[in-house]
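Reviewing the structure listed below.
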Amino acid sequence: MANNLKVEFTPKPAGHASAKLAGRPKEGELWDVAIIGSGPAALTAAIYTTRGAASTLIIGGEIWGGQLMLTTTVDNFPGFPEGIQGPDLMNLMRKQAERFGAEFIEKSVAAIDFDKRPFEILAGEVKYLSKTVIIATGADTKWLGIPGEEKLRGRGVSSCAPCDAPFFKGKKVLVIGGGDSAMEEALVLTKYASKVVIAHRRNEFRASAAMKNRVLEDKGIEVLWNTEVKEFIGDSKLERIKFFNSKENREYEEDFDGAFVAIGHIPATEKFKGKIETDERGYIIVKDKSKTSLEDGVFVAGDVHDNYYRQAITAAGFGCMAGMEALRFLDKSVPTW
């Protein structure tokens, strides 16, 4: 830690709008809730904790907002009949949380000590002390890292069929992957696309028997075995995809309207390894409702534990749950330290 480290109990005012329900801690007092993350789960949790009159600090990171900041039109979030741009949705959530008194800092957590009470969180060379912590750091999509992928993300290249499948009605689409996630993506897309193709680099899927059988029995799905995707091609939108067939040692291109990368997700739990119980993939394990293995005031919400739904609306729901559980915890006889 830096020598000039300081402990901050009360931040400087941030010019919040009226209708605040949660005040900031007074000098020498603790935060009631510290939320790590800034996606739908984190911001929804903050809306609930601030409306519950709990002083709330959101440690949102230098790049805040989660995966929706990289999403174009969101059509499946309730309340927006015409759809909404992902960054616009996140900005509205942030404004709502701040309106009720949440303090948002655009710094990343450098270290956290769960062994001490109150909990100590280091971010931006400032140590924050809090009675409770909500972990809502999300999960990142595993991308291929090939030419054209970043440029065309949101312009034909996606990672979420339930989110984007309706945009490809009557179109030709590709799914990349061989696990359950890829099978699910392909099956969703058959309801919209005119043609669904799966590209898998091996000669056999690693998905569960039930899932791969459903795909292999679906006459609307074509499989490209032993095939890797090498490049996404297009100017303003995806137009073609370059493939390499390892069995035939052949490279070729084919026209596609859309591509869905489904090779897995990486939960953002690196900073919590060895401190909180996770599963073999790194997702935080929920013990009871929103509690973690550290049941004494540490909660979790969103894609950092949910490897099944992975939707903005379910993340928000988990954020609601975690926020309410934190309030219930604070209502008990919490030591003043």
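The values are calculated or read from the model by the stated rules, or taken from the named source; none is laboratory data. Computed from a predicted model, the values in this text were never measured in an experiment. Glycine gets a Cβ as well: all are built from the backbone with ideal geometry, and neighbour counts include every protein chain shown.
Could you say whether any residue in segment 195-211 is over 20 Å from the mean Cα position of the chain (by Cα), buried (at least 23 other Cβ atoms within 10 Å of the Cβ) and in contact (Cβ under 8 Å) with a residue 60 or more places away in the chain? The answer is no, given that none of the residues of segment 195-211 is over 20 Å from the mean Cα position of the chain (by Cα), buried (at least 23 other Cβ atoms within 10 Å of the Cβ) and in contact (Cβ under 8 Å) with a residue 60 or more places away in the chain.
Considering segment 296-325, and only residues there that are assigned to a loop (DSSP other than H, G, I, E, B) and either among the hydrophobic types (A, V, I, L, M, F, W, C) or not assigned by TED's automatic domain parsing to the domain that holds residue 46 (or both), the residue that is surrounded by the fewest Cβ atoms within 10 Å (Cβ to Cβ) turns out to be 304. Inside segment 111-124, residues that are surrounded by fewer than 20 Cβ atoms within 10 Å (Cβ to Cβ), over 23 Å from residue 26 (Cβ atoms) and touching a residue at least 60 places away in the same chain (Cβ under 8 Å) make up a count of 2. Does residue 275 count as assigned by TED's automatic domain parsing to the domain that holds residue 67 and touching a residue at least 60 places away in the same chain (Cβ under 8 Å)? When the stated conditions are applied, residue 275 passes them. Do you know which residues across segment 70-96 are under 11 Å from residue 39 (Cα atoms) and touching a Gly at 6+ places or on another chain (Cβ under 6 Å)? Of everything in segment 70-96, just one residue is under 11 Å from residue 39 (Cα atoms) and touching a Gly at 6+ places or on another chain (Cβ under 6 Å), namely 90.
Test of understanding: among 328, 281, which residue is part of a loop (DSSP other than H, G, I, E, B) and charged (D, E, K, R)? Don't jump to the end; show me each part of the working.
Working: 328 fails: part of a loop (DSSP other than H, G, I, E, B).
None of the other options fit; the residue is 281.
The single residue among 35, 63 that is of a type in the set (A, V, I, L, M) and in contact (Cβ under 8 Å) with a residue 24 or more places away in the chain turns out to be 35. Checking segment 132-144 against the condition returns a match, with at least one residue being surrounded by fewer than 17 Cβ atoms within 10 Å (Cβ to Cβ) and of a type outside the set (D, E, K, R). Restricting segment 145-159 to residues that are touching an Asp or Glu at 6+ places or on another chain (Cβ under 8 Å) and assigned to a loop (DSSP other than H, G, I, E, B) leaves a set whose member that is surrounded by the most Cβ atoms within 10 Å (Cβ to Cβ) is 156. Considering only residues in segment 74-94 that are touching a residue at least 40 places away in the same chain (Cβ under 8 Å) and assigned to a helix (DSSP H, G or I), the one that is surrounded by the fewest Cβ atoms within 10 Å (Cβ to Cβ) turns out to be 94. Hey, among the residues in segment 239-261 that are part of a loop (DSSP other than H, G, I, E, B) and of a type in the set (S, T, N, Q), which one's surrounded by the fewest Cβ atoms within 10 Å (Cβ to Cβ)? Going through the qualifying residues, I end up with 249.
Residue check: is residue 261 within 27 Å of the chain's Cα centre (by Cα) and either among the basic types (Lys, Arg) or closer than 20 Å to residue 152 by Cβ (or both)?
Working: within 27 Å of the chain's Cα centre (by Cα): yes; either among the basic types (Lys, Arg) or closer than 20 Å to residue 152 by Cβ (or both): yes.
The answer is yes for residue 261.
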